[in-house]
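Working notes, structure below.
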Amino acid sequence: MVNRRTFLKGTAAVAGLAALAGPRRSWAGRENELNILCWEGYNTDDVLGPFRAKHPGSRVRAESGTSDPDMINKLRAGEVNVWDLINVNQPWARNQLYPEGLIKPLNRARFEPYFDLMLPEFQGPYPLALDESGKELIGMVQRFGPFSFVVNTDKISRQMAEDQGYKLFLDPKMKGRYGVLTYDNWNIMHMCMAADLNPFAPLGESDFAKFSKVAKAIFDGAKLLTDDLVGMNTALINGEIDAYFTGGTYTASPARFDGQTQVRGITPKSGPVNGKGGVVWVEVTSAVNNPDPTPLAEDFLEFVQQPEICKVVAFAEGTYNPVTQMANPKVMALFDKDELDAIQWDSLPEEMERSVDYQIVVDYNRLNELYNAAKRS
Amino acid sequence: MHHPRSIRIALLCYGVTLIVFLYLPLAAITFASFSKARYLTFPIRRYTFQWYEKAFASPTVADLLTTSLKIAIVVTVISMVVGFFGALAFARYRWRFRGAFQKFILLPIFFPQTVLGLALLMWFNAVGIIPTWKTAIVAHLVWIAPIATLIVAIRAYSFDPALEEAARDMGASTWQVLREVTLPLLWPGIVSAGLFAFLLSWGNFPLSLFTTGADLTLPEWLYAKMVSGYSPLVPAVGTLSVVGSVILIGLGTAFVVWSNRRRAAMSAGAED
Amino acid sequence: MDRIEERQGLLSALPLSVLMVLIFVAPLIVVAVFSIMPPRVFDVLHMPSFENYRIFFTQGYYRSLGWALGMAAMATVTLFVICYPLAYAMAKIFKKFTLIITIAVVVTLFVSENIRLFGWVLTLMKGGLISGYLRTYAGIDIDGWLYNVPVIVFGLVYVYFPFMLFPLVQGISMVPEEVRQAASDLGASRTRIFFEIDLPLAMPGIVVGSLLTFVLAAGAMAESKLLGGQAVIVMADEIEAAFTFGQNWSLGSALAMILILIIGSLAFFALSRVDLDGIMGRRG
């Protein structure tokens, strides 16, 4: 029975719980605090160290997420009052975070000039760094990379892989010789393309049936599924598998930089999206709509545009990726031959040419259901 | 009961085999931590110490250790206290709502931890608490305190209530009985529960993921590194945890042995 | 006497109960309410719908549940068989060696679970610690052992080993030596002593060990992901996929509720069959 006394006790206990968190942060106290939620890279000592040195007395913390939706879930469940910057791939920022008010626009006048120093694709500014209306700048872009699939070129020639595209994985000879890197959202796009469907356009019932069939075939022929790129690369290098479905410079570069240059990200020569079959991700770093904002957020975004820092971000501890600022000769000068080879700089322009932007998959919900059902069976 | 020598030896060998087996993956990890290359093929060809140098030089690693330790120590202390009383209610006393209590405290263990973490974050947010490492303590406790209770309950089930009754008959107060009889009898179970609590908190990833706010624990960092930014720094930190724990436990054991000897010597001295 | 026990029971239940009411009931309610929200909403202010539960039954999720429970059961039984002799020896035979084993096991637990599993990947993979050295020094070429169902169960056995071992040691150490001695003096065989004295009197330890192992293994995901290459998909995986890539919190919540319900009923059913109070002579 709940009477007044037990109720009061309960209230007191809740108050006690609140006291656990200590006094509420004062509204003026965050000039010297910055919390960054990002993909691995911005959180390393190499990036944060110089920034901390520039802002002595400040408390700068960064945490690396393990997937876009993981990071977004944190904001959705209430951590908007914790983070100041969030770094996710382009459609998540533009189509989920911004419309839901979880991130806020940047000072366009302050940041627009930086786009002019970027690779041509990103100048003007890059359309997916703007909101739907094209008026507000919702984030800055830095790392990017084509993302389709990865092969061991000692076993499967680059030429053949590029010609066959995703159909490679439907070849009966490949059964048991490849893995699926289960970044679900990417798998879904690539499986659509393997089924000759354009994932960014609305699909019909017969298309869903085609998708299901291809998804089942790909899961069925896979030797392993994992979302762990270390495990996947290790299996590839040790010959357990000869290719993996869903991957690109982001996953291949650490192996290549290790000297395993037979590991190579492949962008198909052609595909169902206006003739293109590759997809490219571009990270967008945005200011979180924190009720208690800090000026350090925009300072940090500006800080990472410096050539030396661009290089450090591109070659952070974990994975290596091209950055948009590589149009700047000062940035380019910081890369040596092995580093450029690790990120497949030689073929990057043609791979970008054959790729489309990672966008919202129109029928994602339905495809996701079919995808999970195929994975389960 | 007497056990033949052959059985003792066989069991000894069995124990050693299991331990060797437990250490096999750690051996692989140690190899990996000395490898120059990120992606391994055994036998390893090029060795290096650079990952250890990085681990020692990194302010991040030091920060992670402190946060994880702080959380684990508080969780351990609270779990031991709560687990001691909880186990008495669970197994020792017969009282009206015992059945319900037993079922209720098992529920958190059935909960998938990531979901629990996310739900807790939403609850903290609703109450207006900004998550930090302190909220992670609370989150860990939801899951660990019931487990600690269960561990203590194993002993609480088996002990003889007559001992407590005898003490009470001799005029001891409830509090005295608890302190002088019950607590010492359950102590091995409580220590065991404390150990479990410490290790479960130290190694927890899914609950910390959503409840530490901008603070970061070692398992969170290691997990993210494994998934998206692997370098042999990861196995190096793993190997260092083994070395660190061996030193800590060695010192702890030495201290216990030393203080027992001293106490024995002192009481022997008092008797003279 | 009974009134005292009644009061003491209530009082000693208080700390844990208060903790649970404060920080567990609310999340439980959050998840329960989310589970009856329409798919893909991120707050609880919608008309209730049981769509998510329908999805569970129509889209083959029972298969993932079956795998999770089946592999957990296999791991639990295997662990009991492996741990019992060692636990017995630790509780009754070994002296200093018990401490050594305890410390040895505890030290491994200082390394995060996923790193230890990664260690097994390095050990068992093709070109790994075992196969790589065999190939180089013995000329034997073998494939890896990864990416199948048995290796997932193996991983569960490895990870949950301490959860079975330590409760068993606690349980067995509480079996009074005099009782066994008396039975032995009366001419009872070793087998009879085992089944009629050892097992029943160590039951609290056995029950707690098995319960923890089964429940935790049924909700585990890392073993199937890292070692098993997701040869089968387990329930915890489906829940995570729904929360993350599915961005479908209500479906994830419903799946979690179903998992809790099923594991809970299994555990409570098993507990009700083992009358601990009766065994331990604690009735009436």
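Past the 43 angstrom mark, what percentage of all C-alpha to C-alpha distances in the protein assembly as shown do you count? Tail of P(r) above 43 Å: 35 percent of Cα pairs. With both labels modelled 7 Å from their Cα along Cα-to-Cβ, the C:V18 to B:A62 distance reads 3.9 nm. Less than 5 angstrom separates the built amide H of B:T48 from those of B:S35, B:K36, all sequence-distant by 5 or more or on a different chain.
For chain A, relative contact order (Cα pairs under 8 Å, six or more residues apart, normalised by length) works out to 25 percent. For the pair B:T17 and B:V191, label points projected 7 Å from Cα toward Cβ lie 3.0 nm apart.
Computed from the C-beta positions of A:K330 and B:R46, the FRET efficiency with R₀ = 35 Å rounds to 0.55. Listed from fewest to most Cβ neighbours within 10 Å, the set B:T182, A:T249, B:T135 follows the order B:T182, B:T135, A:T249. Obtain the radius of gyration and the Kirkwood radius of the range B:57-231 from its C-alpha atoms and give Rg over Rh. Dividing the radius of gyration by the Kirkwood radius yields 1.08. Karplus-based coupling profile of the range B:19-33, in residue order and whole Hz: 5, 4, 4, 4, 8, 4, x, 5, 5, 4, 4, 5, 3, 4, 6, with θ = phi - 60° in 6.51 cos²θ - 1.76 cosθ + 1.60 and x standing for Gly or Pro. Placing a pseudo-label 7 Å from each Cα along the Cα-to-Cβ vector at C:D141 and B:I7 gives an inter-label distance of 5.0 nm.
The order of B:T217, A:T324, A:T66, going from fewest to most other C-beta atoms within 10 Å of their C-beta, is A:T66, A:T324, B:T217. In order along the range B:85-90, the phi-based Karplus estimate (6.51 cos²θ - 1.76 cosθ + 1.60, θ = phi - 60°) of 3J(HN,Hα) comes to 5, x, 5, 4, 5, 6 Hz; Gly and Pro are listed as x. Over the residues of chain B, the helix contribution to mean residue ellipticity at 222 nm works out to -26000 deg cm²/dmol, using -39500 (n - 2.57) for each DSSP H run of at least 4. Here chain C was treated as a single set of alpha-carbon atoms; its pair distances binned every 5 Å from 0 give 1, 5, 9, 11, 13, 14, 13, 12, 9, 7, 4, 2, 1, 0, 0, 0 percent.
Report the gain in length on full extension from B:S173 to B:D160: 0.36 nm times residue separation, minus Cα-Cα distance, nm rounded to one decimal. Residue separation times 0.36 nm, minus the Cα-Cα distance, leaves 2.9 nm. Pairs over the 28 Å Cα-Cα cut-off, from the set A:K155/A:K269; A:K74/C:K126; B:K36/B:K70; B:K103/C:K95; A:K269/A:K311: A:K74/C:K126; B:K36/B:K70; B:K103/C:K95; A:K269/A:K311.
Note on B:Y47, C:Y62, B:Y223: ascending count of other Cβ atoms within 10 Å places them as B:Y47, C:Y62, B:Y223, the fewest first. Straightening the chain between B:L251 and B:A265 buys 3.0 nm, computed as 0.36 nm per residue apart minus the Cα-Cα spacing.
For the range A:41-118, the fraction of C-alpha pairs more than 16 angstrom apart is 63%. Radius of gyration (Cα atoms) of chain A, expressed as a multiple of 2.2 N^0.38 Å: 1.08.
Across the range B:78-161, the convex hull enclosing all Cα atoms gives 99 Å³ per residue.
Karplus-based coupling profile of the range B:53-59, in residue order and whole Hz: 4, 4, 4, 6, 7, 6, x, with θ = phi - 60° in 6.51 cos²θ - 1.76 cosθ + 1.60 and x standing for Gly or Pro. Calculated on the alpha-carbon coordinates, the convex hull of the range C:1-73 measures out at 177 cubic angstrom per residue.
Read-outs: derived from the displayed coordinates by stated rules, not from any lab. In this text, all values refer to a predicted model and were calculated from it rather than measured experimentally. Note: ideal-geometry Cβ built from the backbone for every residue, glycine included; neighbour counts use all protein chains shown.
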